[in-house]
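The values are calculated or read from the model by the stated rules, or taken from the named source; none is laboratory data. This structure is a prediction, so every number in the text was calculated from the model and none was measured. So basically every Cβ, Gly included, is an ideal-geometry build from the backbone, and we count neighbours across all protein chains shown.
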Amino acid sequence: MQALVYENGELEYRSNHNAPALGSDEALIRPTRMGICSTDLEICKGYMGFSGVIGHEFVGVVERSGKKVKNDLTGKRVVGSINCVCGKCDMCRGGLAEHCRDRTVLGISKRDGCFADSFTLPSRNLFEVPDGVDDDHAVFTEPLAAACQILRQLTIEGRPYITVLGDGRLGLLCAQVMSQLNATVRCIGKHPEKLALCEKWGVKHRPLADVGLRGDQDIVVDCTGSADGLTTAMGMVRPRGKILMKTTVAVHQDSKPIDLSPLVINEIEVIGSRCGPFAEALDRMATGKVDVVSLISRRMKLADGVEAMRLAAGPDSVKVLLEP
Ligand SMILES: [Zn+2]
Ligand SMILES: [Zn+2]
């Protein structure tokens, strides 16, 4: 089968990759759309030390189900949570399964991803896509769920000032989701044409160069995908304010150290934020509460995946979708 594989420091398209073996509790899925995420780009710089088929954002159709699968979704259109968990460890038993100590993660940690003709996930990870949500929307479920996760981690009191830092794939989703809170929300970025999308959604926006680091924001959400993001966020947030970190970057020998003293001096709270609720993301798209289609910059074939990854890393792309 076709697959996009990262191995020995190199990303490669393969037309004759081995098809995956189907576990007894798993579903074999044929993706119809796949989304390239900044995490995929970081993986190809060494993030997580991953090796194998990359990719974790998809919508697809279940081709086959393993023998022990209880919710057989064969023939159905699905999206799927990327964390595959043991169900036995202290985290799983404590209701924090996404932090399972023995987890594998689709295309990110110890499990082949979805940039292929087919891949597997435990059947219990899957969500059937409602008819009202087409593939162009459904492929955004995973990143939109990650944006919705912020709402679970914050309590909004009064009418706070919130800055979403970063005008990329995740920043623009977070800005839309946050703008529906009782808050004054602005999106700050470096790309005028990406920030312009905020106009459509009535979200305030400013170029980074025009805003000072005034220490006046109650909450800053770092979606920069860059190692500098935290430093900028520390300059923007007020004393005793909160920073939500969505950025994950590969660390190298030549990575610059970050001065964390502002966290201490200004008693800033930093909250890490990763995967989120799929059902809520699907519901937001079904009810038209979020515009994801405007984020699609390009559609490319899986066979052109290496080039698609290159373009996704460029300044003029938001979401690059792959199709089989
Ligand atoms: Zn992602
Ligand atoms: Zn576990």
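Somewhere in the range 66-79, is a residue more than 16 Å from ligand 2 (Cβ to nearest atom), under 18 Å from the mean Cα position of the chain (by Cα) and in contact (Cβ under 8 Å) with a residue 12 or more places away in the chain? So that I can check it myself, show each step before the final result.
So in the range 66-79, the residues more than 16 Å from ligand 2 (Cβ to nearest atom) come out as 66-79.
Remaining after also requiring under 18 Å from the mean Cα position of the chain (by Cα): 78-79.
Next cut, in contact (Cβ under 8 Å) with a residue 12 or more places away in the chain only: 78-79.
Scanning the range 66-79 turns up at least one residue that is more than 16 Å from ligand 2 (Cβ to nearest atom), under 18 Å from the mean Cα position of the chain (by Cα) and in contact (Cβ under 8 Å) with a residue 12 or more places away in the chain.
Has the range 57-76 got at least one residue that is in contact with a Phe, Trp or Tyr (Cβ under 7 Å, 6 or more places away or on another chain), surrounded by 18 or more Cβ atoms within 10 Å (Cβ to Cβ) and under 21 Å from V129 (Cβ atoms)?
Step one: list which residues in the range 57-76 are in contact with a Phe, Trp or Tyr (Cβ under 7 Å, 6 or more places away or on another chain), which gives none.
No, every residue in the range 57-76 fails to be in contact with a Phe, Trp or Tyr (Cβ under 7 Å, 6 or more places away or on another chain), surrounded by 18 or more Cβ atoms within 10 Å (Cβ to Cβ) and under 21 Å from V129 (Cβ atoms).
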Checklist entry - Of everything in the range 203-245 that's under 24 Å from E193 (Cα atoms) and charged (D, E, K, R), which residue is surrounded by the most Cβ atoms within 10 Å (Cβ to Cβ)? => result D222
Next on the checklist: I need every pair where a residue in the range 35-54 that is in the same structural domain as L121 (by TED's automatic domain parsing) and touching a residue at least 60 places away in the same chain (Cβ under 8 Å) has its Cβ under 9 Å from the Cβ of a residue that is among the acidic types (D, E) and within 9 Å of ligand 1 (Cβ to nearest atom), sequence separation at least 6 or different chains.
Outcome noted: G35/E57; G35/E142; I36/E57; C37/E57; C37/E142; D40/E57; I54/D40
Next on the checklist: Of everything in the range 89-110, what is in contact (Cβ under 8 Å) with a residue 12 or more places away in the chain, within 10 Å of ligand 2 (Cβ to nearest atom) and not acidic (D, E)? Give them in sequence order.
Outcome noted: C89, A97, C100, R101, R103
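Restricting to the range 269-324, what's the tally of residues that are among the β-branched types (V, I, T), in contact with a Lys or Arg (Cβ under 9 Å, 6 or more places away or on another chain) and assigned to a loop (DSSP other than H, G, I, E, B)?
Narrowing the range 269-324 to residues among the β-branched types (V, I, T): 270-271, 287, 290, 292-293, 296, 306, 318, 320.
Restricting the remaining residues to those that are in contact with a Lys or Arg (Cβ under 9 Å, 6 or more places away or on another chain) gives 270-271, 290, 292, 296, 318, 320.
Checking which are assigned to a loop (DSSP other than H, G, I, E, B) leaves us with 290, 292, 318.
The total comes to 3.
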Item to check | Qualifying residue in the range 22-34 (condition: free of Cβ contacts under 8 Å to residues at least 60 places away in the same chain and in the same structural domain as M300 (by TED's automatic domain parsing)) | outcome: yes
Checklist entry - Quick check, is R284 on the phi < 0 side of the Ramachandran plot and not assigned by TED's automatic domain parsing to the domain that holds I82? => result yes
Checklist entry - In the range 271-294, is there at least one residue being touching a Gly at 6+ places or on another chain (Cβ under 8 Å), under 12 Å from G35 (Cβ atoms) and hydrophobic (A, V, I, L, M, F, W, C)? => result no
Checklist entry - Within the set of pairs 6+ apart or on separate chains, which have a first residue in the range 144-167 that is within 19 Å of A209 (Cα to Cα), a second that is assigned to a loop (DSSP other than H, G, I, E, B) and among the aromatic types (F, W, Y), and C-beta atoms under 7 Å apart? => result none
Checklist entry - Which of the residues that make up the range 53-108 are among the hydrophobic types (A, V, I, L, M, F, W, C), assigned to a strand (DSSP E or B) and away from ligand 1 (no atom under 16 Å from the Cβ)? => result V61, V62, V78
